[in-house]
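Engineer: Please find one structure pasted underneath; my questions will follow.
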Amino acid sequence: MITEDSEPVLHPGEAAAIFHENEKVGFLGRLNPSLARECDVPEDIFFLELHLEPLLSSTGTPVYRESSPFPGVRRDLSIVVDETTTCAELIEEIRKGSALVTDVTVFDLYRGEHVPKGKRSLAMSVLFQSRDRTLRDEEVDRIFNGIFQKLVKKFGVQPR
């Protein structure tokens with residue numbers, strides 16, 4: 001799970017903490033611009049720190065799962081949500097919406113003009129896929145709309 005973070009060497013608002021089994025195992029983000037100027041280095045430097053020991057000593061055994069021979073169907077979701085709602089919470093709720101949800105990716109985050117104070121705009125991609133059949137658009141649309149309604153009810157999201 002990845003959540004926002006505030007490492008001092010990283011740019012505020014452009015840093016994330018990485019958790020594994022509720023333990024912080026690392027962070028990533030862009031170098032703080034004031035530190036970049038102080039060190040006379042480019043501002044577009046990104047860091048990733050990952051502690052491998054907790055990951056390697058995890059009790060879970062990796063499970064191989066064969067890829068589905070059937071195509072996936074992707075739907076994008078653009079929403080405005082409270083700053084206090086984490087991406088991890090949204091992703092978890094989306095995944096709970098259907099066993100056909102196989103991947104959820106956040107591909108854009110925006111704060112600023114045209115987004116109310118205390119809110120942020122997120123764009124997410126949701127992949128639906130079955131292991132035993134080709135999905136129909138009508139089925140995916142029905143599930144996707146149901147997931148969106150759950151997000152509205154639970155987190156008060158608004159369409160963007």
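The values are calculated or read from the model by the stated rules, or taken from the named source; none is laboratory data. Small disclaimer: the values here were computed from a predicted structure and weren't measured. Cβ placement follows ideal geometry from the backbone for every residue including glycine, while neighbour counts extend to all protein chains displayed.
Engineer: Looking at 105, 84, which one is under 15 Å from residue 126 (Cβ atoms) and polar (S, T, N, Q)?
Structural biologist: That would be 105, the only listed residue that is under 15 Å from residue 126 (Cβ atoms) and polar (S, T, N, Q).
Engineer: Select the strands (runs of 3 or more DSSP E) contained entirely in segment 45-137, then report the ones holding at least 3 residues which are outside the structural domain of residue 25 (by TED's automatic domain parsing).
Structural biologist: By residue number, 73-82, 101-110, 119-128.
Engineer: For residue 69, only one of the following conditions fails: (1) touching a His at 6+ places or on another chain (Cβ under 7 Å); (2) more than 24 Å from residue 15 (Cβ to Cβ). What is its number?
Structural biologist: Among (1) touching a His at 6+ places or on another chain (Cβ under 7 Å); (2) more than 24 Å from residue 15 (Cβ to Cβ), the lone unmet condition for residue 69 is (1).
Engineer: Among residues belonging to segment 105-150 that are of a type in the set (A, V, I, L, M) and over 23 Å from residue 13 (Cβ atoms), point out the one that is surrounded by the fewest Cβ atoms within 10 Å (Cβ to Cβ).
Structural biologist: 127
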